Amino acid sequence: MSTKSPLHLTFLLFDGFSNMVLASAIEPLRAARDLSGRRLFSWTLSSLSGAPVATSSGMVIAVDQPLERVGATDALILVSGYGMRDHLPLGAAAAIRRKARGLPLIGGFDTGAWLLAQIGLLAGRRAVIHWMEREALAESFPEVTLVPAPHVTDGNILTCGGAQSVLSWSLELIGAQAGEALRYDVANMFGRNAPGAPPEAGSRPAERMSDHALPAPLRRAIVAMRESTEQPLPLPRIAERSALSPRSLDRLFHAHLGMSAGSYYRQIRLSHARALARETGLTLYEIASRTGFSSPSTLARAYRRAFGETMRQSPPDG
């Protein structure tokens with residue numbers, strides 16, 4: 001198990017922000033932690049004053065702390081929606097600039113790019129914003145170069161459009177931090193675009209969010225693995241169901257998911273075992289039986305090697 005410190009993100013929320021935008025950022029990171037068993041990411045919710053923040057749907061979200069009390073963090077991301085023109089009272093811009101100074105990543109989600117422009121952090125930079133505010137941003141801040149992309153990072157400044165763009169960024173972050181296999185597994189937890197649905201303006205279809213981004217033989221292999229967790233098939237049989245040789249199957253797994261077919265198969269079974277251990281009252285023997293391990297002790301050893309914890313330990317903190 002890696003001892004690397006988790007990447008910590010601070011989300012600075014403003015009244016009128018979208019629940020979906022925030023969830024599109026955080027839920028994939030949470031899923032990556034749960035599936036991997038590693039504290040890859042952590043996060044803090046903040047507001048300028050520390051007061052709860054009202055979302056665009058009227059829900060009120062409590063935050064962890066005011067901006068002035070935010071400590072060490074790897075990223076400060078401004079999350080705003082409606083009303084962004086009035087979000088920076090006297091002194092707020094200077095406070096945000098102080099907190100952002102020297103950070104590896106400063107971001108703006110949805111209409112957050114407007115706030116970054118007001119603060120002076122987007123001058124001479126490329127950026128994106130929610131499509132409804134593109135023309136207004138271009139007119140009000142001509143020093144900002146708007147680009148047709150779901151999200152863009154220019155230096156240490158990140159900007160994203162709507163929720164779909166934020167989800168795309170979050171998945172790419174997972175891939176960069178933890179590898180393509182985990183990115184793929186997390187993406188498939190969050191569904192896919194409906195057939196024929198138009199992509200967000202200025203972006204490519206979210207093909208990487210779906211197993212349709214993988215070659216058909218590889219998709220068939222993964223389906224076969226998922227369908228046989230209780231009674232694992234020999235890898236030559238998986239290859240046969242995929243219309244491939246075992247060597248070709250292994251090459252596909254390495255090329256697209258960054259690991260061998262056998263390692264991915266075991267990862268599927270261990271992730272299933274982890275979910276059963278946390279969400280059911282099944283015994284270790286029963287879980288081993290349901291995930292295709294020859295004995296409880298074999299499962300326990302594999303589980304500890306993969307996740308660095310015993311099967312009955314609680315999930316990692318937020």
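Candidate membrane-span-like segments in the chain, meaning DSSP H helices with Cα atoms spread over at least 15 Å of their own axis and a Kyte-Doolittle mean of 0.0 or above, are 19-36, 163-178, 216-227, with no membrane implied. Surface listing: Ser5, Ser47 arranged by accessible area from highest to lowest gives Ser5, Ser47, probe 1.4 Å. Can you bin the chain into rounded, prolate or oblate? Criterion: square roots of the alpha carbon gyration tensor eigenvalues sorted a ≥ b ≥ c, rounded for a/c under 1.5, prolate for a/b above b/c, oblate for the rest. Verdict is prolate for the chain.
Of the GluC sites (Glu not before Pro) found in the stretch 217-299, those that fall in a DSSP loop while having at most 14 other beta-carbon atoms within 10 Å are Glu230. Per atom type, the stretch 1-151 shows carbon and sulfur on 54% of its accessible surface, probed at 1.4 Å.
When only DSSP loop residues count, what trypsin sites (Lys or Arg not before Pro) in the stretch 215-318 have their Cβ near at most 11 other Cβ atoms within 10 Å?
Values: sites: Arg219, Arg220, Arg226, Arg237, Arg241, Arg247, Arg251, Arg266, Arg269, Arg274, Arg278, Arg290, Arg301, Arg304, Arg305, Arg312; in loops: Arg312.
Qualifying residues, ordered by number: Arg312.
The trypsin sites (Lys or Arg not before Pro) found in the stretch 22-59 include none that occupy coil by DSSP while having at most 11 further C-beta atoms within 10 Å. Inverting the pair-averaged 1/r between distinct Cα atoms of the stretch 29-150 gives 15.7 Å as its Kirkwood hydrodynamic radius. Identify which of Leu76, Leu12, Leu214 has the largest mean-square fluctuation in a Gaussian network model of the chain, with springs joining Cα atoms closer than 10 Å. Checking each option, the largest mean-square fluctuation is seen for Leu214.
The values are calculated or read from the model by the stated rules, or taken from the named source; none is laboratory data. The structure displayed is predicted, hence computed values, not measured ones. Positions of Cβ are generated from backbone atoms using ideal geometry, with glycine treated the same way; all protein chains shown enter the neighbour counts. Note: accessible area is taken over every heavy atom of the protein model, side chains too, but ligands, DNA and RNA are not part of it. Shrake-Rupley method; radii C 1.70, N 1.55, O 1.52, S 1.80 Å.
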